[in-house]
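Heads up: the structure comes next, in structure tokens.
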Amino acid sequence: MTDHLKDLTDAGVSIWLDDLSRERIETGNLAELVKNDYVVGVTTNPSIFAAALAQGERYDDQVRELAASGADVDKTVFALTTTDVRNACDVLRPVFDATNGVDGRVSIEVAPDLAHDTDATLASAKELWQEVDRPNLFIKIPATTEGAPAISDTLAEGISVNVTLIFGLDRYQGVMEAYVSGLEKAQEAGHDLAGIHSVASFFVSRVDTEIDNRLNKTGASDELLGKAGVANARLAYEAYEKFFSGERWERLAADGAKRQRPLWASTGVKNPDYKDTMYVADLVVENTVNTMPEKTLDSVRDHGEITGDQVRPNYDHARQVMKELADAGIDYDDVIAALEKEGVEKFVKSWDELLATVKESLEGAQAQ
């Protein structure tokens, strides 16, 4: 029987789980995924925490303690989420040690309503880093215009960063620039560059959703449906290869710096007509991360055909797809702007839902 997850790992793709809950940690489920399914990292977001808190009684004792101490909603969310992330970091610490810090990572996000506030983002990143207090933590910072200097400033403090909500190639170029600038500042400040890591979370399925909707309105050929997300990501990897070369990068690499790996995010297939493993199998290339919801992980385990590098040999094809989309009337820049705006709005909405869930739990605890 083919071990598709092992094939994926052997191809140089780090498998991360796009989910976390206290139940996963306390039942040993997360440890089992690490042991049996090659999972070497975890990503979280407000939606994930809201779902975990809404469904799980395992938070009740801590909520009661926080309620008794007079903690407000914000403090309670901070305490609950950092506790889960700290414990997940401990589960993944052996992977972190075995890979010299490349994997074994757990990500936690700065509050999404800070996406357009550089100083507040940096302050939040430092607070989360200190509270979790684990070297295998990633602080997630959105790739907004205001996020870029916060990314550099956070890295300059020696804090590892997962840059999230990247949809377009121009924005991705800016993210890589922010990473290198941050490393240069960290170098000047005397930090060990070998200990600073980063991934750039490039979103895939949402690009198809947006472009497919536009194609359907134009009456364009069905042959272009479901092609944009993979093509866009492949061109991102080409940009990554070009950026992390040359004299400027080599100076940092000589001092221990690691490339900022591309992370394929939003890899759950939203259109039931598409192959449910396409955002994994079609984006196989070395030195990348693919963070998957458990449903996608299960699909890859069951029938994900992994057939080597699917990115580098397809750069020209990816360019052709993007050209055909432009010829069909798709305005790439407008698509990306819409996705960035929607991305921040969705995270703010999820954050508000998380706050509402915690507020209800706090009020229930106070009433007892």
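The table below lists the values:
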item: Among (1) surrounded by fewer than 19 Cβ atoms within 10 Å (Cβ to Cβ); (2) part of a loop (DSSP other than H, G, I, E, B), the one test that residue 54 misses; result: (2)
item: Selection within the range 102-129 - small (Gly, Ala, Ser) and surrounded by fewer than 18 Cβ atoms within 10 Å (Cβ to Cβ); result: 120, 123
item: Residue match in the range 260-272 (condition: open to solvent by 50 Å² or more (accessible area, probe 1.4 Å) and in a helix (DSSP H, G or I)); result: no
item: Tally of residues being over 20 Å from the mean Cα position of the chain (by Cα), farther than 11 Å from residue 300 by Cα and at pLDDT 95 or above across the range 1-10; result: 1
item: Selection from the range 176-208 of residues that are open to solvent by 10 Å² or more (accessible area, probe 1.4 Å) and either of a type in the set (S, T, N, Q) or modelled with pLDDT under 95 (or both); result: 181, 187
item: Residue list for the range 130-142, restricted to those being in contact (Cβ under 8 Å) with a residue 40 or more places away in the chain and either more than 17 Å from residue 203 (Cα to Cα) or surrounded by 24 or more Cβ atoms within 10 Å (Cβ to Cβ) (or both); result: 131, 132, 133, 134, 135, 136, 137, 138, 142
item: Entirely in the range 113-215, the helices (runs of 4 or more DSSP H) that have 3 or more residues that are more than 29 Å from residue 93 (Cα to Cα) and not charged (D, E, K, R); result: 169-188
item: Subset of the range 209-238 that is out of contact with any Gly (no Cβ under 9 Å at 6 or more places or on another chain) and basic (Lys, Arg) - its residue that is least open to solvent (accessible area, probe 1.4 Å); result: 234
item: Residue pairs meeting the criteria (Cβ under 6 Å; at least 6 apart or on separate chains; first on the phi > 0 side of the Ramachandran plot, in the range 271-299; second open to solvent by 20 Å² or more (accessible area, probe 1.4 Å) and not acidic (Asp, Glu)); result: 287/12
item: Cross-chain or 6+ apart pairs with Cβ under 7 Å, the range 223-246 first and under 14 Å from residue 322 (Cα atoms), then of a type in the set (S, T, N, Q); result: 226/271; 229/205; 234/314
item: Members of the range 142-176 that are within 17 Å of residue 248 (Cβ to Cβ) and under 18 Å from the mean Cα position of the chain (by Cα); result: 152, 155, 173, 174, 175, 176
item: Complete set of residues in the range 23-45 that are touching a helix residue (DSSP H, G or I) at 6+ places or on another chain (Cβ under 8 Å) and either open to solvent by 20 Å² or more (accessible area, probe 1.4 Å) or of a type in the set (Asp, Glu) (or both); result: 23, 24, 25, 26, 29, 31, 34, 37, 38, 40, 45
item: Candidate set from the range 237-251 (those that are outside any helix (DSSP H, G or I) and farther than 14 Å from residue 179 by Cβ); member that is farthest from the chain's Cα centre (by Cα); result: 246
item: Qualifying residue in the range 60-79 (condition: within 30 Å of residue 366 (Cα to Cα), out of contact with any Pro (no Cβ under 6 Å at 6 or more places or on another chain), open to solvent by less than 30 Å² (accessible area, probe 1.4 Å) and free of Cβ contacts under 8 Å to residues at least 24 places away in the same chain); result: yes
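One line per residue, one yes/no per condition, for (1) of a type in the set (A, V, I, L, M); (2) farther than 26 Å from residue 97 by Cα:
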position: 171; (1), (2): no, yes
position: 182; (1), (2): no, no
position: 219; (1), (2): no, yes
position: 225; (1), (2): yes, yes
position: 244; (1), (2): no, no
position: 252; (1), (2): yes, no
position: 255; (1), (2): no, no
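The values are calculated or read from the model by the stated rules, or taken from the named source; none is laboratory data. Source: prediction; values computed, not measured. So basically every Cβ, Gly included, is an ideal-geometry build from the backbone, and we count neighbours across all protein chains shown. Surface accessibility is based on the protein's heavy atoms, side chains included, excluding ligands, DNA and RNA. Shrake-Rupley method; radii C 1.70, N 1.55, O 1.52, S 1.80 Å.
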